[in-house]
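Colleague: Quick one: this structure, given as structure tokens, is what I'll be asking you about.
The values are calculated or read from the model by the stated rules, or taken from the named source; none is laboratory data. Keep in mind that what you see is a predicted model, and the values were worked out from it rather than measured. As a convention, Cβ positions derive from the backbone with ideal geometry for all residues, glycine included, and neighbour counts pool all protein chains shown. Ligands, DNA and RNA are excluded from the accessible area calculation, which covers all protein heavy atoms including side chains. Shrake-Rupley method; radii C 1.70, N 1.55, O 1.52, S 1.80 Å.
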Amino acid sequence: MSIVELERAPAAGAHTPPLPKRRAARRIRKRPHLFIGVFVAWALALAWFHPRMWSLTELADGGWAFASIAYFVVFAELAWLYGIYNIGIVATALLTRRDQRAAPAFPAFAPETAPAVAVLYTTCNDFVAHSARSCTGLDYPNYHVYILDDSSDPDARARIDIFASEHLDKVTIVRRATRSGFKAGNLNHALNNLIHEPYFAVVDADEVLPENFITGLLPRLLADENCGFVQANHRSQPDARTRLARDMGVGIDIHWKWYQPLRNRFGFVMFLGHGALLRRSCWAEVGGFPEIVSEDLAYAIAIREKGYFGLFAEDVVCFEEFPETIRAFRIRHVKWTRGTCEFLHHWMGRLIGAKAITTTEKLDILFPTLNLPMTFFFFLFMVNAQFLFPFVLGQVETVTFVMMGQELTAPVLTFREGATRIFGLDFYAITLMTIVAPILCFIIELARRPLQLLRFLGHSTALYAALSPLSFASVVGYAATGKAQFHVTGDAKGNGARKRPAGLAAQVGRLARETHPDSDAVQNFEKVIGLAFLVSAIATLQISFIGVALGFMLLPMMHRAGWGNGPLRILAWAPFTMIALGVMFGALGVAGLQPVFFGFGFHF
């Protein structure tokens, strides 16, 4: 067994010096059709709806009322843009599917001419032997596996040592004394100090590589010296170990199938941090991976500025697992949200000003990356729609319910005169489009399996629609500290397992520093927000918000009890059911029947 432990961190500036460029950079032009269509459709929607929407501000009787109405209008119109963007993705994929070429055939590599490739398996207390084993069984004659072990858990380190001892000729363990720079720091450390192969792959701890991983990707890299990396496709593990991973894994398959292949022609091919083969000279030319949480996207932008580009290989398929537990799912979400905030803080200006990156590519980067921090504004939108908007445009009326011959009267909020001017079939249609657009590819893909589609939509709503308070806390936490957090998704003994601080002040401090979903402060925040929404939604009879409020409270409960908890799995259907009922009641309003609940609950 070969173990390399470097006790000294490399000195500042110890990165491999940039190599001189020996090729003429080829300017890559991506087709702008997708984004032209998106913005034209959005402009038409604004031209049709905005005058009517903005006219609601005439009903404002003060500054707070005006701000509430204006925020509703602006955010709703931005939501339409994202809805049109998602529909544009699906439409472009359908229209160009016939144009997709068959997977190219590549000649076999002879052992004497095959360039050396390093396979860098990264782990931090989340080692998976099955995944590491897949790295040792590739059908390529000249590669070596390096396990870049950042683990602090002695049990994890011991498992890695045992695995390496079983693969003496294929595996080297690389450890470092200081774990700075997150995953990027781990990769840079190894590439600076030990690994010198001209090509290297980056593999996540739970990822399973196909046998043809190198033989399928390397020819594409060799075919064009301007190609800086080739990103492989991914599917969910067919033998997922937990019920949550089995229930939600289909989402991985569908997302990669519909959203990634288009980027070769219509967008920016992103290095997704794992399952990719990279050119070492590119890495050296940009000074290594940027040592931030979103090092993958920042790296892809950095090499694109130098004239390199990435390719997506749809035919080479790796396997990855959906997070095995609700806890792991929530930890991953916090890491992504705060990491994206860090990327936008430090890199968005550089991206926008990059002359070598086309406008089409910039838009393709910004749409998905801005989506996570946008959840902060979505949360404020819901707060506005639930706690301010009904009182700004509403009036109290008495409604009589008749059940089994018994009459019950109750005060409810309805629209006051003039506030219903925006309603109509057209407004309902664009609202429904906004709701359906993000899940349209799943609906199309699973249309022939309606029961699986229903289960997937129900489960997805319970997970994703209830993330808003956690997303809000994550964005606020980054804004307060200026720091991202690299919580390891598969680390069951990580940050959240530490002793929780006692006292409100200590909990709030940790909430801002880490927003770790194990924290009592985080979970209590979610429950309080959920309870407040539930009380308000019942008082205003907003059916959809009742479901969302229940989701806010259920998610931290499932975090502790697990996805397999029977009663919670039944209650997890409440968000989807209530939102669907809200949408149907909205349709009654279009038909002329004034809903008894305040109508804006279903509009986003």
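Colleague: Convert each backbone phi in the stretch 315-330 into a coupling constant with the Karplus relation 6.51 cos²θ - 1.76 cosθ + 1.60 (shift: θ = phi - 60°), then list the ³J(HN,Hα) values in order as whole Hz, x for Gly and Pro.
Modeller: 8, 9, 10, 8, 10, 9, 9, 4, x, 6, 9, 4, 4, 5, 4, 6
Colleague: Now a separate question. So what's the net charge close to A45: Lys and Arg +1, Asp and Glu -1, counting the other residues with Cβ under 11 Å from its Cβ?
Modeller: Within the 11 Å Cβ shell, the charges total -2.
Colleague: Under the Kirkwood approximation for Rh and a Cα-based Rg, what ratio Rg/Rh is obtained for the stretch 344-475?
Modeller: 1.09
Colleague: Can I ask one more? Do any of K170/K355; K257/K527; K362/K527; K335/K362 go past 32 Å between their Cα atoms, and which? Write out the running numbers ahead of the final one.
Modeller: Numbers: K170/K355 43 Å; K257/K527 36 Å; K362/K527 38 Å; K335/K362 23 Å.
Too far apart for the 32 Å limit: K170/K355; K257/K527; K362/K527.
Colleague: With every protein chain kept in the model, how would you rank R159, R327, R448 by accessible area, 1.4 Å probe, largest at the top?
Modeller: Of R159, R327, R448, the descending order of accessible area is R448, R159, R327.
Colleague: A further question follows. Could you give me the ³J(HN,Hα) list for the stretch 137-150, computed from phi with Karplus coefficients 6.51, -1.76, 1.60 and θ = phi - 60°, whole Hz, x at Gly and Pro?
Modeller: x, 7, 8, 10, x, 9, 8, 9, 9, 10, 8, 8, 9, 9
Colleague: Something else: Calculate the length of the line joining the C-alpha centroid of the stretch 336-371 to that of the stretch 31-49, in whole Å.
Modeller: What the calculation gives is 21 Å, centre to centre.
Colleague: Right, here's the next one. Excluding A184 itself, what net charge comes from residues whose Cβ is under 9 Å from its Cβ, given Lys and Arg +1 and Asp and Glu -1?
Modeller: Once positives and negatives cancel, what remains is -2.
Colleague: Further question on the same structure: For the stretch 216-253 and the stretch 430-453, what is the separation of their Cα centres, given in Å?
Modeller: When both Cα centres are located, 23 Å separates them.
Colleague: With Cβ to Cβ distances under 10 Å as the rule, what net charge do the other residues near L138 carry (K, R +1; D, E -1)?
Modeller: Residues near L138 contribute -1 overall.
Colleague: Which shape class, rounded, prolate or oblate, goes with the stretch 191-277 when its Cα gyration tensor gives a ≥ b ≥ c as root eigenvalues, a/c under 1.5 marks rounded, and past that a/b bigger than b/c marks prolate?
Modeller: Verdict is oblate for the stretch 191-277.
Colleague: If you restrict to DSSP beta bridges whose two residues both lie in the stretch 183-336, what percentage is antiparallel, to the nearest 5?
Modeller: 45
Colleague: Let me ask something else. Run through the stretch 43-148 and list the GluC sites (Glu not before Pro) located in a DSSP loop whose Cβ has at most 11 other Cβ atoms within 10 Å.
Modeller: E112
Colleague: Right, another one. If eta is 0.692 mPa s and T is 37 °C, what Stokes-Einstein diffusion coefficient results for the stretch 282-362, Kirkwood Rh from Cα pairs, in µm²/s?
Modeller: It comes out at roughly 224 µm²/s.
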